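The values are calculated or read from the model by the stated rules, or taken from the named source; none is laboratory data. These numbers come from a predicted model, not from an experiment. Cβ atoms come from the backbone with ideal geometry, glycine included; neighbour counts cover every protein chain shown. To get the accessible areas, we keep the full protein, side chains included, count just its heavy atoms, and leave off ligands, DNA and RNA. Shrake-Rupley method; radii C 1.70, N 1.55, O 1.52, S 1.80 Å.
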Amino acid sequence: MASRFSPQDLTFSAVIAGFVAVLVGYTSSAAIIFQAAEAAGASAGQIGGWLSMLGLGMGVTSIGLSLYYRTPVVTAWSTPGAALLVTSLPGTSLNEAIGVFVFATGLILLCGVTGLFARLMHYIPQALSAAMLGGILLRFGLDAFTSLQSNFALAGTMCLVYLLAKRALPRYAVVLALAAGLIVAGLQGDIALHGQTLTFAAPAFVMPHFTLSSIIGIGIPFFVVTMASQNAPGIATLKAHGYHLPVSPLISWTALTALVLAPFGGFTICIAAITAAICMGEDIHPDPKKRYMAAVSAGVFYLIAGVFGGSIGMVFTALPQALIHTIAGLALLGTIAGSLYRALENERQRDAAIITFLITASGVTLLGVGSAFWGLAGGVITHLILSMPARNSDKSAGKS
């Protein structure tokens, strides 16, 4: 339900959470977008245009949906989809690649309009959604501490500042940890901004070309991977945090935006999971109804990233990986803990939830589809089998 915007809901913690979400999104997968665009034969200028369209599309949808529903709805590109494109697009013309984008986003829009995806998500127990989210985020939590091995001074300082701030200033713990990390990285000389400038990359329209081979060989797998590995975890993230929004409009609006931007390189816009979770923590605001401003802030930073195209991605990648891994893990600690609690709280669903968690956390990829989908599938199968009424075999027992 739509709700009126209140400027008082904007807090410094929300702004920082939005910045961290965009920072993590770009630094974790912007390089994959570059590779996917290069695989399609895009020029350097066109690649910048792709990132411009993606940033603007994600910014508009994050701001619009979050303000309308007054819920932290963060959108993102499909990182699993981009990874699939990197391996599938070589040998395909740029026009055919755009045709693949139009076809796949059209299918996603159809799923949203018909309500098919919403009906499917309705039957998934909340414990399994929480378990899948926990499995997705586990790697980020682990990376926060494995970074101690690669850069102990940086990661150790950030962890220590986070713990001290968590005790004295809990709402600013992530902010202070990020500030400490930037200071240490600067003293170490690990912030590589040399020679980088911010420039606008004008998007270029590319006429889509449809071929049966590219639609079947790339378009359909891209659609499946995007829905299973990006949109499904994104909706599950919302549910796991207690935000029960109508699924069909979310899928429809993001898919429609992507469909409009596809000829300019906006290959997909989906419901975010990992970056969205950063905008849903208790440190943003004690009241869950006030946390939507973190997603709005993320949308604003997306718009800034879109205006400057590919240059902004290079600015984000100038920061050391240890800093990115540590701040992402620390920002997600509360979400990981909450997900595991909700996943294991219901004893009747505990076995299915732990199977969902373990398969998702394993990172296994089968038939080109990521572990989030298979974790959810494994959990649902387990839940259905264990929920079956036991057959009454007492009548035949003991007859010997």
Taking the chain as a Gaussian network, where each spring joins two C-alpha atoms under 10 Å apart, which residue of S252, S93, S13 fluctuates the most? S93
Between T75 and residues 5 or more places away or on another chain, which pairs have amide H atoms under 5 Å apart, with H built 1.01 Å from N, and which residues are they? S62, A272
Run the simple label-point estimate for L116 and I304 please: 7 Å along Cα→C-beta, distance reported in nm. 4.0
Solvent-accessible area per residue for the chain (1.4 angstrom probe, square angstrom): 44
Would you mind checking the radius of gyration and Dmax of the chain based on alpha-carbon positions, in Å? 21.5, 86
Fully extended, how many nm does the chain gain between A204 and N346 (0.36 nm per residue separation, minus their Cα-Cα distance)? 46.0 nm
Region 247-310, Rg to Rh (Cα coordinates; Rh as Kirkwood inverse mean 1/r): 1.03
Inter-site label distance for S43 and S387 at 7 Å from Cα along Cβ, in nm: 5.5
What order do you get for 358-367, 330-339 when each peptide is scored by the mean count of other beta carbon atoms within 10 Å, highest first? 330-339, 358-367
Longest span of the chain, sites excluded, free of trypsin sites (Lys or Arg not before Pro) in DSSP loop with at most 10 other C-beta atoms within 10 Å? 5-390
Could you tell me what percent of the accessible area of the chain is made up of carbon and sulfur, with a 1.4 Å probe and every protein chain present? 68
Diffing region 209-217: the Karplus 3J(HN,Hα) column from phi (6.51, -1.76, 1.60, θ = phi - 60°), in whole Hz with x for Gly and Pro, holds 10, 9, 10, 4, 5, 6, 5, 6, x
How large is ³J(HN,Hα) for each residue in region 67-79, as worked out from phi by the Karplus curve 6.51 cos²θ - 1.76 cosθ + 1.60 (θ = phi - 60°), to whole Hz, x for Gly and Pro? 5, 5, 8, 6, 9, x, 9, 9, 9, 7, 6, 8, 5
Region 95-253: spread of alpha-carbon positions along the three principal axes, whole Å, largest first, is 54, 46, 26
Under 15 Å Cα-Cα from K289, which aspartates and glutamates qualify once same-chain neighbours fewer than 8 residues away are excluded? D9
Modelled FRET efficiency - R0 22 Å, K289 with R167, Cβ distances, 0.05 increments: 0.25
